[in-house]
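Written below as structure tokens is the structure these notes are about.
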Amino acid sequence: MREIILEERRQRLERFITKVKTKEPPAHLRRRWADELIDLLFGYLRTKNEAWPSSSMIVPERIGGTAGPFMQMYVHDPVISRTKDAIRILDKGDLKDLRAFLERLASEEEGKLIGSEIQTLKVERHRHTKEY
């Protein structure tokens with residue numbers, strides 16, 4: 001079953017990348033296309049994890065798109081800044097650079113770095129609120 005889902009997600013990702021390569025998104029759809037590309041790539045990379053679907057994620061898998069403002073409450077500054085970096089690369093149209101960026105973003109090392117940055121932010125915010 002995992003192989004079927006992995007193949008389906010790979011095909012969806014490839015179809016979307018083909019769409020992006022062959023067609024310039026209208027300005028009002030660029031953000032939606034970036035969100036969809038990130039969702040498709042994360043979904044595909046997560047399915048490649050041997051532990052999937054038994055593995056669980058602590059942070060939300062969805063960064064934006066249709067998730068709306070409620071989900072954004074759970075997305076911290078380090079993740080948002082990386083998402084903006086991905087959108088800038090997508091706007092340039094460099095899909096190889098975008099793929100490399102997203103693969104690095106989905107790596108365990110980058111996850112640990114994000115976690116560390118989030119912990120630092122929490123400590124700083126906690127310290128700041130205690131001062132008042």
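The values are calculated or read from the model by the stated rules, or taken from the named source; none is laboratory data. The model shown is predicted, which means the values in this text are computed figures rather than measured ones. Cβ placement follows ideal geometry from the backbone for every residue including glycine, while neighbour counts extend to all protein chains displayed.
Out of the residues in the stretch 75-112 that are assigned to a loop (DSSP other than H, G, I, E, B), under 23 Å from VAL20 (Cα atoms) and small (Gly, Ala, Ser), state the one that is nearest to the chain's Cα centre (by Cα).
Looking at residues that are assigned to a loop (DSSP other than H, G, I, E, B), under 23 Å from VAL20 (Cα atoms) and small (Gly, Ala, Ser), I get ALA106.
Where residues in the stretch 5-54 are among the aromatic types (Phe, Trp, Tyr), over 21 Å from SER81 (Cβ atoms) and part of a helix (DSSP H, G or I), which of them is modelled with the highest pLDDT?
If we take residues in the stretch 5-54 being among the aromatic types (Phe, Trp, Tyr), over 21 Å from SER81 (Cβ atoms) and part of a helix (DSSP H, G or I), then PHE16 is modelled with the highest pLDDT.
What are the pairs with Cβ atoms under 6 angstrom where one residue, in the stretch 1-26, is of a type in the set (Lys, Arg) and the other, located anywhere, is part of a helix (DSSP H, G or I)? Sequence gap at least six, or different chains.
Pairs found: ARG9/GLY43; ARG9/TYR44; ARG9/THR47; ARG10/TYR44; ARG12/LEU40.
Restrict the check to the stretch 112-121 and report whether at least one residue is basic (Lys, Arg) and either modelled with pLDDT of 85 or more or within 30 Å of GLU3 (Cβ to Cβ) (or both).
Yes, the stretch 112-121 has at least one match.
Which residue pairs have Cβ atoms under 8 Å apart, sit 6 or more places apart or on different chains, and have a first residue in the stretch 80-103 that is in contact (Cβ under 8 Å) with a residue 24 or more places away in the chain and a second that is surrounded by fewer than 13 Cβ atoms within 10 Å (Cβ to Cβ)?
LEU95/LYS21
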